[in-house]
Amino acid sequence: MAERLSARRILALVADDFAELPYPERKDGPDGPLGWPGYGTARALAAARTGERESVVCGTGTVGGPGGTRAVLMAFEFGFLGGSLGQRTGDRLQAAYAYARAHRLPVVPLVATGGSRMQEGMPALTQLQRVARQSVLTREAGLPQVAVVRDPTTGGGWATLGAGADVVLALPGAQVGFAGSRVRPPDADPAAYTAEAQVAAGSADAVVRPGELRETLARWLRLLTAASSAPAPVPEALGAPAAPAGGWEAVRRARAPERPRARAYLDAYFTERVAVSGDRCGGADPEGMLCGFGTRDGRTVAYAAQTGTATRPAGYRTAARLIRLADRLGIPVLTLVDTPGAANDAEAERQGVGPAIADLFAAVASARTPVTTLVIGEGGSGGALALAAPGNTWATPDSYFSVIAPELAAAILKRPPQEVAATADQLRPAPGDLAELGVIRTGDH
């Protein structure tokens, strides 16, 4: 079991100069809205044991030391009735969200909760709607929300404050899942309800050790609060400098194993970067689509980069999530195109590859923040085009972009294998051809 940190300990771990916010006062009967026998006594005992008057502590603090980012922090105290959400908890959370919007501060929920408070019945459960509304208003205000899920984070707290955040960081070994340990099927695999499992399933972005949490959280807040209206600069080409002789030569170059891939471009482009992982729909494609935020010339740029493999549905959905988050925060986006095409196996179809590509097309088409694209390798049909910025796409000399792979085009046309190269030339997929056709941009960038 992971170490269970109190609210005050987690606050001290991540922030300096924490100042608690004033809380709304609520008057009700001694045993709450249901008159639950002994509830008032249980609250009093919880207060005496923890030193807190409610299950959440809200305030402001600077994350990252001097020069760090001021944020609104909401730290749950699991020792207070299991960190459960009641009406007073909802009062505090709503006030904290409102303060964040009024003062243009990012929000950091530090979650450790068993869910809604049974002794308050449905009035407690409806606090989830209240919290969800505050989160939406904060999102619409263009303010980032970075959650840290601790041990345990279950029930409605996970389904709102945790999983509903823009970025989800988790402490190692933490119990994280909608179903708490006492309400799961008896044969449920406990490994599925962990921080590590949630990252693997695409529901959280990273597991972070407590000793690294302050630095990691500071980096995320610094990157997500640095809006910019200028487009992302186009990366310099890292591979062959000369243009290919024709279409087939372009295809061969793009498929060469020694050709620079996405990670090399990202390493050369950014001075630091953090990764967004998962599509929040049960999937991740960490090897096929790299997404995140980084620092370039002192400002933040978001990135979504294909790695040269067939892109999985989760990869497309993660990229769409990344672009929409960057758009909401006013951060420019860089996309790197490099895929032979979308995954076309039966499992990809079952996972909704078509709708996933459609959603990415829509995310790029609707983005108000500038999107810059560089084709760095293979540009295989619609699975590549979905990531490309209309009117602002560039290409390296060792890349190609084609309506279809030349082998598949030859097969459709019932041509023999020896005519694949000639078919590739006819498709005109080389960078020079693409420039003449008006598909990509050329010149100074």
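Coordinate-derived values only; no laboratory data. Since the model is a prediction, treat every value here as computed from it, not as a measurement. All Cβ positions, glycine included, derive from the backbone under ideal geometry; neighbour counts span all protein chains shown.
The figures follow:
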{"item": "Within a Gaussian network of the chain (alpha carbon springs, distance under 10 Å), most fluctuating of Gly308, Gly177, Gly352", "result": "Gly352"}
{"item": "Per-residue HN-Hα couplings for the stretch 21-32 [Karplus 6.51, -1.76, 1.60; θ = phi - 60°; Hz; x = Gly/Pro]", "result": "7, x, 10, x, 9, 10, 10, 8, x, x, 10, x"}
{"item": "Loop-located trypsin sites (Lys or Arg not before Pro) in the stretch 359-445 whose Cβ has at most 15 other Cβ within 10 Å (DSSP)", "result": "Arg368, Lys414"}
{"item": "The stretch 243-326: Rg to Rh, with Rh as the Kirkwood radius over Cα pairs", "result": "1.04"}
{"item": "Inter-label distance, nm, simple model (7 Å from Cα along the C-beta direction), Arg368/Glu3", "result": "4.4 nm"}
{"item": "Ranked list, fewest to most other Cβ atoms within 10 Å of each Cβ, for Glu249, Glu120", "result": "Glu249, Glu120"}
{"item": "Karplus 3J(HN,Hα) series, Hz, for the stretch 323-338 with 6.51 cos²θ - 1.76 cosθ + 1.60 (x for Gly, Pro)", "result": "5, 5, 5, 4, 4, 5, 8, x, 10, x, 10, 10, 10, 10, 8, 6"}
{"item": "Length added when fully stretched, Asp17-Trp36, from 0.36 nm per residue minus Cα-Cα", "result": "3.0 nm"}
{"item": "Three-way shape label, the stretch 1-110, alpha-carbon gyration tensor, a/c 1.5", "result": "oblate"}
{"item": "Cα gyration tensor shape for the stretch 7-224, rounded if a/c is under 1.5, else prolate or oblate", "result": "oblate"}
{"item": "Relative contact order %, the stretch 187-345, counting alpha carbon pairs below 8 Å whose residues are six or more apart", "result": "25 percent"}
{"item": "Rounded if a/c under 1.5, otherwise prolate or oblate - the stretch 350-415, Cα gyration tensor axes", "result": "oblate"}
{"item": "Amide H partners (placed H, <5 Å) of Gly115, local residues excluded", "result": "Leu85, Thr154, Gly157"}
{"item": "Cβ-based exposure ranking for Met118, Met289, Met74, in which fewest neighbours within 10 Å come first", "result": "Met118, Met74, Met289"}
{"item": "FRET E, pair Ala268, Arg26, Förster distance 60 Å, beta-carbon r, rounded to 0.05", "result": "0.60"}
{"item": "The chain, relative contact order [Cα under 8 Å, separation at least 6], %", "result": "11 percent"}
{"item": "The stretch 25-83: GluC sites (Glu not before Pro) falling in loop per DSSP and having at most 10 other Cβ within 10 Å", "result": "Glu25"}
{"item": "GNM top mover of Gln426, Gln119, Gln351 - the chain, alpha-carbon springs below 10 Å", "result": "Gln426"}
{"item": "Test item: Cα-centred dipole of the stretch 146-225, Lys/Arg +1 and Asp/Glu -1 on Cβ, debye", "result": "240 debye"}
{"item": "Formal net charge of residues neighbouring Arg150 (Cβ-Cβ distance under 12 Å; K, R +1; D, E -1)", "result": "-1"}
{"item": "Residues in the stretch 390-426 that a label on Ala245 would reach, taking backbone N under 20 Å of a point 7 Å out along Cα→Cβ", "result": "397-401, 406-407, 418-426"}
{"item": "Radius ratio Rg over Rh of the stretch 309-354, counting only Cα atoms, Kirkwood formula for Rh", "result": "1.06"}
{"item": "Assigned charges on the beta-carbon of Lys, Arg, Asp, Glu; the stretch 247-436 dipole about Cα centre (debye)", "result": "460 debye"}
{"item": "Difference of contour (0.36 nm per residue) and Cα-Cα distance, Gln129 to Ala188", "result": "18.4 nm"}
{"item": "Highest-MSF residue in the chain out of Arg101, Arg253, Arg182 [GNM, Cα springs under 10 Å]", "result": "Arg182"}
{"item": "³J(HN,Hα), Karplus 6.51/-1.76/1.60, whole Hz, each residue of the stretch 256-269, x for Gly, Pro", "result": "5, x, 7, 5, x, 10, 4, 4, 5, 5, 5, 5, 6, 7"}
{"item": "Convex hull (Cα only) mean projected area of the stretch 114-229, reported in nm² to one decimal", "result": "8.4 nm²"}
{"item": "Placed amide H near Ile404: partners under 5 Å, 5+ positions off or other chain", "result": "Ser381"}
{"item": "Dipole magnitude (debye, nearest 20) for the chain, charges at Cβ of Lys, Arg, Asp, Glu", "result": "1120 debye"}
{"item": "Long-range HN-HN contacts of Ala179 with modeled amide H, under 5 Å", "result": "Gly155"}
